[in-house]
Each structure stands twice: as structure tokens, then as C-alpha cells.
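This report refers to the structure that appears directly beneath it.
The values are calculated or read from the model by the stated rules, or taken from the named source; none is laboratory data. All values reported here derive from a predicted model rather than from experimental measurement. As a convention, Cβ positions derive from the backbone with ideal geometry for all residues, glycine included, and neighbour counts pool all protein chains shown. Heads up: the accessible areas ignore ligands, DNA and RNA and are worked out on the full protein's heavy atoms, side chains in. Shrake-Rupley method; radii C 1.70, N 1.55, O 1.52, S 1.80 Å.
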Amino acid sequence: MANSPQARERARQISTRRAKNHRRRSMMRTYIKSVYAAIESNDKDSAVSAYNSAVSVIDRAAKSGLHHRNKSARLKSRMNARIKAMA
């Protein structure tokens, strides 16, 4: 239990940030899953549109520090490669 006022404030900040990060991470995973679902259904148009919306979410997650920018580049690269392989 936090005893000092400073420690109490930090505990509040940490719990708020943890909740925000959880929401952002969940949203990012949902968008990624939608891209892979469109790829599995062999619908290239919906896969491309899902990819474009997922890229925006992934870039915002990297910008906010949710994960490293190289991870976001790797995720986007793998999705894009699967979309291009559909043709």
C-alpha cells in the first residue's frame, strides 16, 4: 500500500496508464485479426481496406510507446506480404 502522497499519485497514474494500454493493445489486435480474417477469406479488396485501417492503429500504438517501432514495421510488413501473395 502506498503511504506517501507521491506514491499514492503514482499508483493512480499507473493504474490509469495500464487501463489505457490495455484498451489500445486490444484494439490493435482486433484490427490485425480483421486483416488476417479478410486474407483467409480470399477477399483482396476487404483485406486491403482492413490493412489500411490497421496500419493507422499500429502506427499510433508505436507512437504512443505501446510497442517498439520495429515491431510495428514487422507487423505491417508481414500483413502486406500476405496481401501481395493473394494476387
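The table below gives the values:
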quantity: Per-residue SASA entry for Arg10, accessible area with 1.4 Å probe, Å² rounded to 10; calculated: 120
quantity: Under the span-like rule (Cα at least 15 Å along the axis, Kyte-Doolittle mean at least -0.5), DSSP H helices of the chain; calculated: 44-63
quantity: Listed values (i) 5.1; (ii) 5.7; (iii) 6.4, entry calculated as mean projected area of the Cα convex hull in nm²; calculated: (iii)
quantity: Local electrostatic count, Val35, Cβ distance below 12 Å [Lys/Arg +1, Asp/Glu -1]; calculated: +4
quantity: Surrounding net charge for Tyr51, when Lys and Arg each add one and Asp and Glu each subtract one, Cβ distance under 14 Å; calculated: +2
quantity: Of all accessible heavy-atom area on the chain, the percent that carbon and sulfur account for (1.4 Å); calculated: 49
quantity: Most to least accessible of Glu40, Glu9 (protein chains only, probe 1.4 Å); calculated: Glu40, Glu9
quantity: Cβ-defined net charge surrounding Ala2, 11 Å radius [Lys, Arg +1; Asp, Glu -1]; calculated: +2
quantity: Solvent exposure of the chain as accessible area per residue, Å², 1.4 Å probe; calculated: 73
quantity: Nitroxide proxy distance, nm - points 7 Å out along Cα→Cβ at Ser56 and Ser15; calculated: 3.3
quantity: Probe 1.4 Å - accessible area at Lys20, Å² to nearest ten; calculated: 90
quantity: For the chain, with +1 on Lys and Arg beta carbons and -1 on Asp and Glu, the positive-most of Leu66, Gln6, Met28 along the dipole; calculated: Gln6
quantity: Relative contact order %, the chain, counting alpha carbon pairs below 8 Å whose residues are six or more apart; calculated: 27
